[in-house]
Amino acid sequence: MPGVTDRVVIVTGAGGGLGREYALLLAREGAQVVVNDLGGARDGSGSGHSMADAVVEEIKAAGGTAVANYDSVATVEGAQSLIQTALDSFGAVHGVVNNAGILRDTSFGKMTPEAFEAVQRVHLFGSFNVTHAAWGHFREQGFGRIVMITSTSGLYGNFGQANYGAAKLGLVGMMNTLAIEGRKYDIKVNAVAPIAATRMTADIASAEFLEKLPPAQVAPIVGYLVSEDNQDSGMTFVVGGGAVHRVQLFANKPVLFSAVPTLDEVRENWSRITDMSDAQPGVNPAG
Ligand code: NAD
């Protein structure tokens, strides 16, 4: 079984919550894991070494192989230094799980440009920075596995998360193109929207509901997607509470106008334009 044995996998934001579970599972399966975590609070403030160190200790105590890294993925330099940690410690990088994240929730009218930007910086730019720093190595070795950690907030929307939803769906957009560009180098890029009880979700649902969502349940899907076994690319999965769904964009049959329609013609055809009953998986008409 090729799996992830001896593969070098970077998990960003792996000092707690879901990222910790990804790191623990990958290490149990024989991967050499770079446990990255800035070590700050849920809103991105502060930093420290104790979170990443604790996970590395846990992996080592169980007989696994891991190294800690404390760089912020939100900067180009931080991401480059993170890749360098993988190269210096294990001599290669084969997989990246873009998991690091923060929240700055507030309804849109009250959302400051700073709250919008801070969330893009960590989720969208952070995933770009780390993936971009790894990309050349993946191309050169003709192998790479990337998992973008997205969210149902981006796929479907969620009150108070316009900044977070924009960043998370941006990651799906990035994945779509990277799946195409990575094809001839055996670089597979997929997205996972987890649903799990962590500090991020601690105050948004009842304790009774959260009890059914242990983060460990998400880890095997992420582990499979970064493994050599995975041959799929450009797919999105919603994973949590023991369930796994694949999510995809669908498009209906186009309504055709022989000439530029008037507003009246648009109004008359609106129910046909919005009818999804004959929808099929969408394809890029320009691609
Ligand atoms: P979490 O807060 O426990 O994990 C996020 C981790 O990222 C933290 O350990 C934090 O220190 C780290 N981090 C933050 N900024 C960083 C930076 N600049 N550089 C490096 N590390 C940084 O929350 P979680 O629920 O485990 O979230 C993990 C990922 O899953 C996030 O991307 C989150 O958006 C996503 N997600 C979680 C859920 C859920 O139900 N918990 C749902 C959808 C998406």
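Values in this text are rule-based calculations from the coordinates and carry no lab data. Predicted model only: the values in this text are computed from it and were never measured. Cβ atoms come from the backbone with ideal geometry, glycine included; neighbour counts cover every protein chain shown.
Summary table below
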| item | result |
| --- | --- |
| Check: the range 8-248 dipole with +1 on Lys, Arg Cβ and -1 on Asp, Glu Cβ, in debye | 460 |
| Under 5 Å, built H, 5+ apart or other chain: amide partners of Ala31 | Asp6 |
| FRET efficiency, 1/(1 + (r/R0)^6) with R0 25 Å, evaluated for Ala166 and Val76 via beta carbons | 0.75 |
| Relative contact order computed over the chain (Cα-Cα under 8 Å; 6+ residues apart), in percent | 16 |
| Extension reserve of the Asp186-Ala251 stretch, reckoned as 0.36 nm per residue once the Cα distance is removed | 20.6 nm |
| Other-chain or far-sequence residues with amide H under 5 Å of Ala74's (modelled H) | none |
| Exposure proxy order (Cβ contacts within 10 Å, fewest to most) of Ile146, Ile10 | Ile146, Ile10 |
| Difference of contour (0.36 nm per residue) and Cα-Cα distance, Thr106 to Asn284 | 60.7 nm |
| Difference of contour (0.36 nm per residue) and Cα-Cα distance, Arg272 to Tyr156 | 39.5 nm |
| For the range 36-127: rounded, prolate or oblate by the Cα gyration tensor [a/c cutoff 1.5] | prolate |
| Cα-centred dipole magnitude for the range 173-228, charges only on beta-carbon of K, R (+1) and D, E (-1), debye, nearest 20 | 180 |
| The range 8-248 - Rg over Rh from alpha carbon coordinates, Kirkwood radius | 0.94 |
| Principal-axis tilt of helix 162-181 within the chain, Cα atoms, nearest 10 degrees | 80 |
| Shape of the range 176-287, Cα gyration tensor, a/c cut at 1.5 | oblate |
| Set of lysines near Lys60 by C-alpha distance (under 29 Å), chain-local residues within fewer than 8 positions excluded | Lys188, Lys212 |
| 5 angstrom amide H check on Gly144, placed H, neighbours 5+ away | Ile187, Lys188 |
| Spin-label model distance (nm) - His49 vs Lys212, 7 Å beyond Cα toward Cβ | 4.3 |
| Residues Met235, Met51 arranged by fewest to most Cβ contacts within 10 Å | Met235, Met51 |
| Dipole of the chain, positive direction: furthest Cα of Val122, Pro2, Gly13, with charges on the beta-carbon | Pro2 |
| Neighbour-count ranking [beta-carbon atoms within 10 angstrom, fewest first] of Asp53, Asp229 | Asp229, Asp53 |
| DSSP beta bridge pairing in the range 8-248, given as percent antiparallel to the nearest 5 | 15 |
| Rounded tilt (10° steps) of 126-141 against the dominant C-alpha axis of the chain | 70 |
| HN-Hα J in Hz across the range 35-51 - Karplus 6.51, -1.76, 1.60, θ = phi - 60°, x for Gly and Pro | 8, 8, 6, 6, x, x, 8, 4, 8, x, 7, x, 6, x, 9, 5, 5 |
